[in-house]
Amino acid sequence: AKAYRRLGRSEEAKKELRLTLEINPRFSEAWLHLAQMAQAEGRPTEERRLLEEAEAAGTASALILARLGQLLAAAGEVDAAETKLAAATELLPDWPTAWLVRGQMALKKGDRASARLHLERAAALAPSSPDGREARRLLGELGPPAP
């Protein structure tokens with residue numbers, strides 16, 4: 001599937017990934033590749049469906065949960081997004097992207113204290129990464145903590 005994908009033969013790649021999932025429906029990498037292909041093709045509904053199927057299959061993948069959280073957030077389903085992102089940070093507590101997105105979700109909900117906590121964690125985990133820089137920028141917009 002990866003070889004087909006690198007060659008730009010997406011239909012063959014999808015077929016191989018689906019065959020892989022028939023053999024092992026909990027293989028998170030296959031679900032992620034299918035979801036990424038849907039994202040690249042501009043099909044967010046399909047991407048979300050695939051990620052939800054992956055979760056239902058019991059993949060227990062932080063990447064799947066985090067991406068699903070991002071899609072839910074973009075759809076305005078902030079509480080559901082937070083649930084997925086919290087699960088992602090439990091599985092991968094040192095992954096700054098999930099903490100950054102959790103901070104962004106807390107900001108959308110108006111929960112400045114939680115936003116600060118999550119953004120500080122993202123910034124501390126990867127200070128020079130794009131996620132760390134974005135977390136610091138948002139912390140700057142929040143201003144100093146309330147006394």
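The values are calculated or read from the model by the stated rules, or taken from the named source; none is laboratory data. Note that the structure is a prediction, hence the values are computed from the model and not measured. A quick note on method: Cβ atoms are made from the backbone with ideal geometry, for glycine too, and the neighbour counts reach across all protein chains shown.
Within the stretch 103-140, can you find the residues that are under 13 Å from Val78 (Cβ atoms) and either surrounded by 15 or more Cβ atoms within 10 Å (Cβ to Cβ) or out of contact with any Asp or Glu (no Cβ under 9 Å at 6 or more places or on another chain) (or both)?
Answer for the stretch 103-140, where residues must be under 13 Å from Val78 (Cβ atoms) and either surrounded by 15 or more Cβ atoms within 10 Å (Cβ to Cβ) or out of contact with any Asp or Glu (no Cβ under 9 Å at 6 or more places or on another chain) (or both): Gly103, Gln104, Met105, Ala106, Leu107, Lys108, Gly110, Asp111, Ser114, Ala115.
Go over the candidates Arg18, Arg26, Arg67 one by one and state the one that is in a loop (DSSP other than H, G, I, E, B) and either among the acidic types (Asp, Glu) or outside the structural domain of Ser128 (by TED's automatic domain parsing) (or both).
Residue meeting the stated conditions: Arg26.
Sort through Thr97, Thr59 and tell me the only one that's within 25 Å of Gln39 (Cα to Cα) and part of a helix (DSSP H, G or I).
Among Thr97, Thr59, only Thr97 is within 25 Å of Gln39 (Cα to Cα) and part of a helix (DSSP H, G or I).
Scan the stretch 26-41 for residues that are surrounded by fewer than 18 Cβ atoms within 10 Å (Cβ to Cβ) and closer than 16 Å to Glu11 by Cβ and report the count.
The qualifying residues number 3.
Here is a list of conditions, (1) loosely packed, with under 15 Cβ neighbours inside 10 Å; (2) at pLDDT 90 or above; (3) within 12 Å of the chain's Cα centre (by Cα), and Leu65 meets all of them except one; can you say which number that is?
It is condition (1) that Leu65 fails.
When you go through Ser61, Ser28 one by one, which is the residue that is under 20 Å from Tyr4 (Cβ atoms), of a type in the set (Gly, Ala, Ser) and without any contact (Cβ under 8 Å) to a residue 60 or more places away in the chain?
Just a single option satisfies the conditions, and that option is Ser28.
With respect to Arg137, is the statement that it is assigned to a helix (DSSP H, G or I), charged (D, E, K, R) and either more than 26 Å from Pro44 (Cα to Cα) or in the same structural domain as Glu47 (by TED's automatic domain parsing) (or both) true?
Judged against the criteria, Arg137 is a match.
Please enumerate the residues belonging to the stretch 61-92 that are under 17 Å from Arg121 (Cα atoms) and hydroxyl-bearing (Ser, Thr, Tyr).
Thr89 - this is the single residue of the stretch 61-92 that is under 17 Å from Arg121 (Cα atoms) and hydroxyl-bearing (Ser, Thr, Tyr).
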